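Undergrad: Sharing a structure below in structure tokens format, with a few things to ask.
The values are calculated or read from the model by the stated rules, or taken from the named source; none is laboratory data. None of the values given here were measured: they were computed from a predicted structure. Cβ atoms come from the backbone with ideal geometry, glycine included; neighbour counts cover every protein chain shown.
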Amino acid sequence: MAKITFITRENETITTEAAAGTIMELGVRQGVRGIDGDCGGVCSCATCHVHVAPEYMAIVGPPGDIESDMLELNDNVTEYSRLGCQVQITEDLDGLVLHVAR
Ligand code: FES
């Protein structure tokens with residue numbers, strides 16, 4: 001089980017727990033504003049864009065090639081950007097903090 005915290009663009013903090021699935025699925029399930037998952041998790045919409053808290057980036061890891069291509073289309077991409085649908089939840093992510101991207 002991993003405890004994961006979302007911070008929305010409105011500065012609402014939502015802390016939840018999950019054992020499996022993706023960050024996008026968790027965010028949608030928890031009703032996190034700004035995590036929409038419009039494409040269903042096939043890396044083609046970027047409505048699951050999050051900024052990983054810098055201290056967790058090494059654990060989460062960098063985006064893959066297709067994900068990077070998708071992120072390049074987004075104006076708000078940073079070195080901490082990930083698409084939530086491409087991040088699988090594992091126990092290693094316990095304590096993870098994510099900021100919902102604009
Ligand atoms: S849900 Fe569409 S890119 Fe992640």
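Undergrad: Would you please list the contacts, defined by Cβ atoms under 7 Å and residues six or more apart or on different chains, that run from a residue in the stretch 60-76 that is farther than 13 Å from VAL87 by Cα and touching a residue at least 60 places away in the same chain (Cβ under 8 Å) to a residue that is part of a helix (DSSP H, G or I) and among the acidic types (Asp, Glu)?
TA: none
Undergrad: Here's another thing I want to ask about it. Taking VAL50 and the conditions (1) within 14 Å of the ligand (Cβ to nearest atom); (2) assigned to a loop (DSSP other than H, G, I, E, B), which numbered condition does it fall short on, given that it satisfies the others?
TA: The number of the failed condition is (2).
Undergrad: Same structure again: Would you check which residues across the stretch 77-89 are more than 11 Å from the ligand (Cβ to nearest atom), closer than 21 Å to GLY40 by Cα and in contact with a strand residue (DSSP E or B) (Cβ under 7 Å, 6 or more places away or on another chain) and list them? Can you show your working first?
TA: Pass one, the stretch 77-89, residues more than 11 Å from the ligand (Cβ to nearest atom): 77-81, 88-89.
In the following step, the residues that additionally are closer than 21 Å to GLY40 by Cα were identified as 77, 81, 88-89.
Those that are more than 11 Å from the ligand (Cβ to nearest atom), closer than 21 Å to GLY40 by Cα and in contact with a strand residue (DSSP E or B) (Cβ under 7 Å, 6 or more places away or on another chain): SER81, GLN88, ILE89.
Undergrad: I need the full set of residues from the stretch 53-71 which are acidic (Asp, Glu) and away from the ligand (no atom under 13 Å from the Cβ), in order please. Let's see the steps before the verdict.
TA: First pass over the stretch 53-71, keeping only residues acidic (Asp, Glu): 55, 65, 67, 69.
Answer for the stretch 53-71, where residues must be acidic (Asp, Glu) and away from the ligand (no atom under 13 Å from the Cβ): GLU55, ASP65.
Undergrad: What's the total number of residues in the stretch 53-102 that are assigned to a loop (DSSP other than H, G, I, E, B), modelled with pLDDT of 95 or more, out of contact with any Leu (no Cβ under 9 Å at 6 or more places or on another chain) and not β-branched (Val, Ile, Thr)?
TA: Step one: filter the stretch 53-102 for residues assigned to a loop (DSSP other than H, G, I, E, B), giving 53, 61-64, 73-80, 87, 89-90, 94-95, 101-102.
With the extra rule that they be modelled with pLDDT of 95 or more, the set shrinks to 53, 61-64, 77-80, 87, 89-90, 94-95, 101.
Filter once more, keeping what is out of contact with any Leu (no Cβ under 9 Å at 6 or more places or on another chain): 61-62, 64, 78-80, 90, 94-95, 101.
Checking which are not β-branched (Val, Ile, Thr) leaves us with 61-62, 64, 79-80, 94-95, 101.
Residues that pass the stated criteria total 8.
Undergrad: Still on this structure: Only one of (1) touching a Cys at 6+ places or on another chain (Cβ under 9 Å); (2) over 11 Å from VAL100 (Cα atoms); (3) of a type in the set (Asp, Glu) is not met by ASP36, so which one is it?
TA: (2)
Undergrad: Which of the numbered conditions does ARG9 fail, given that it passes all the others? Conditions: (1) more than 12 Å from the ligand (Cβ to nearest atom); (2) in a strand (DSSP E or B).
TA: (2)
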